[in-house]
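Novice: Below you will find the structure I want to go over with you.
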């Protein structure tokens, strides 16, 4: 009877294969853990940090505004809450909606200078100048598009916010309905806009939605045809992508002293 002989070379090959499989398994497990930590960081930690920072900024603005004559480097000094502005005057347009007039200069870049409140979404976050990811949006703030109007001014007061991660202030923007209210609060004035148009999806390059008379260049059926006092809210859609934009528009319907 012939007894099989196991060659040392075969043993070494099997050992090398086992070692390679074990090393590959360890690598895959490590990569999986790293990816899981990255997901946790993006979906939980960035939200936690940004929300806390945004809440603290809202409280800071409220404290500054509550102190008569107090002006800091972080808060504009005008009556409208904007550097160099003047107190707004309330008037009524031909269709009976409230308007506010008055001059205002542009806040400093990345400066938090107003508060956005959306009752339906239980949202109250700072508004900062600009739409820089690092200095504005990733802090959980809502950013004001440079070149668009300021609160209460004739034209389009256009804002952007994250849909997911970094505080995700606009995550539930699709829950807004016509006739919902959007409030913008400055040092002395609360401007209330009423939602009257919603564009569920458009191109990320659709610049028409933030023009002084906002109207989509991709879907021209959405938007306005005459000058007014508008607010525009934009965010990415669908969730966890940045391929398209969702747009909510509102018209100024009232102003009151803060």
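Nothing in this text is a laboratory measurement; each read-out follows from the coordinates by a stated rule. No experiment lies behind these values; they were computed from the predicted model shown. Ideal geometry is used to build each Cβ from the backbone, glycine not excepted, and the neighbour counts take in all protein chains shown.
Novice: Relative to the present Cα-Cα distance, how much length would full extension add between residue 175 and residue 254 at 0.36 nm per residue of separation?
Specialist: 26.2 nm
Novice: Next question, about the same structure. Please order 120, 18 by the number of other Cβ within 10 Å, starting at the fewest.
Specialist: Lowest count first: 18, 120.
Novice: While we're here: With a point put 7 Å past each Cα toward its Cβ, work out how far residue 23 is from residue 45 in nm, to one decimal.
Specialist: Distance between label points: 3.0 nm.
Novice: Any idea how far apart residue 188 and residue 203 come out in nm if each label point goes 7 Å out from Cα toward Cβ?
Specialist: 4.4
Novice: Something else: For each of 141, 222, count neighbouring Cβ atoms within 10 Å of the residue's Cβ, then give the residues from fewest to most.
Specialist: With the fewest neighbours first, 141, 222 line up as 222, 141.
Novice: If contacts are Cα pairs under 8 angstrom and at least 6 residues apart, what is the relative contact order of the range 113-186 in percent?
Specialist: This gives 33 percent for the range 113-186.
Novice: Let me ask another. Please find the FRET efficiency linking residue 110 to residue 243, where r is the Cβ-Cβ separation and R0 is fixed at 30 Å, and quote it to the nearest 0.05.
Specialist: Approximately 0.70, to the nearest 0.05.
Novice: Any chance you could check the Cα centroid distance between the range 191-258 and the range 151-171 for me, in angstrom?
Specialist: A separation of 10 Å, based on Cα centres.
Novice: If you take the square roots of the eigenvalues of the alpha-carbon gyration tensor of the range 119-258 and sort them as a ≥ b ≥ c, do you get rounded (a/c under 1.5), prolate (a/b over b/c) or oblate?
Specialist: Note, shape of the range 119-258 comes out rounded.
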